[in-house]
Amino acid sequence: MAVYKILIVDDEEMMTELLSDHLQDCGYETLAAGNAREALALLQRQPDLILLDINMPDMDGLELCRNIRSHITCPILFLTARITEQDKVNGLQYGGDDYITKPFSLNELSARIAAHLRRDERSRHRPFVLTAEGLLVDLTQRSVSCQGREIPFSRREFDILEFLMTNANQVFDKERIYEGVWGYDAEGDSNVVKEHVRKIRSKLREMTGKDYIETVWGVGYKWSR
């Protein structure tokens, strides 16, 4: 059985040593970085999960997460002393999967890591066909149908549909959707996402009479199961 690799990113050396020792005792392989530059270099080791402190010099954890999220799919868990609701919202909007407030129990941290790794393992073996209340989405054929009737979508519309469906119940702002679909280095305006989402909704509603994409006001969009 392969050993999971966990990348720990924190500018406090005592914290990285404590977490590294504990996680190694739990059977994980650990990688440690004291800043964003070191973390970027270690991404080539393909970690299975990243523990990321927010308060770091130069580039903080939120910005680092935002920069790498389009290029990696593994879970990212924020470690931070920040506790406001807006901080948590920011962390999730930037692509984080969980938010653990310092100080925390090592046992709780281990349990959360194990849960995210199990969830990520399941997602890697996801089916090539997705369904949602009458919809049948074939990821291989890139087709969408309802009761045998195909619903036509442009390439970008299908990409956004797939992005939201495969991350159901997660909220993404239009910038994150743009990066996830067009790519982080794409040169364009993320406002086009709003128009694409409008067209997707219109086509789905016309065929099914249902709204699958929910607007979370002031935050973004999510595919509601």
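The values are calculated or read from the model by the stated rules, or taken from the named source; none is laboratory data. Owing to the predicted nature of the structure, the values given are computational and were not obtained by experimental measurement. Neighbour counts are summed over all protein chains in view; Cβ atoms, including those assigned to glycine, are modelled from backbone coordinates with ideal geometry. Accessible surface is based on the protein model in full, side chains and every heavy atom, while ligands, DNA and RNA are left aside. Shrake-Rupley method; radii C 1.70, N 1.55, O 1.52, S 1.80 Å.
Going by the conditions given, is ALA32 modelled with pLDDT of 85 or more, touching a Ser or Thr at 6+ places or on another chain (Cβ under 8 Å), over 19 Å from HIS116 (Cα atoms) and crowded, with 19+ Cβ neighbours inside 10 Å?
Judged against the criteria, ALA32 is a match.
Of the conditions (1) surrounded by fewer than 17 Cβ atoms within 10 Å (Cβ to Cβ); (2) part of a loop (DSSP other than H, G, I, E, B), HIS22 fails just one. Which one is it?
It fails just one condition, (2).
Looking at (1) of a type outside the set (Asp, Glu); (2) in a helix (DSSP H, G or I); (3) surrounded by fewer than 20 Cβ atoms within 10 Å (Cβ to Cβ), which one does THR16 not meet, given that it meets all the others?
Exception for THR16: condition (3).
I'd like to know if the range 30-47 contains one or more residues that are assigned to a loop (DSSP other than H, G, I, E, B) and either among the acidic types (Asp, Glu) or under 18 Å from the mean Cα position of the chain (by Cα) (or both).
yes
Only strands (runs of 3 or more DSSP E) wholly contained in the range 114-225 count here; list those with 2 or more residues that are at pLDDT below 90 and exposed (fewer than 13 other Cβ atoms within 10 Å of the Cβ).
129-132
How many residues are among the charged types (D, E, K, R) and in a helix (DSSP H, G or I) if we restrict to the range 89-109?
Residues in the range 89-109 being among the charged types (D, E, K, R) and in a helix (DSSP H, G or I): 1 in total.
Mind counting the residues in the range 48-84 that are of a type in the set (Gly, Ala, Ser) and either within 22 Å of PRO103 (Cβ to Cβ) or part of a strand (DSSP E or B) (or both)?
Adding up the residues that qualify gives 2.
Do we have PHE104 as open to solvent by less than 50 Å² (accessible area, probe 1.4 Å) and among the aromatic types (Phe, Trp, Tyr) here?
Judged against the criteria, PHE104 is a match.
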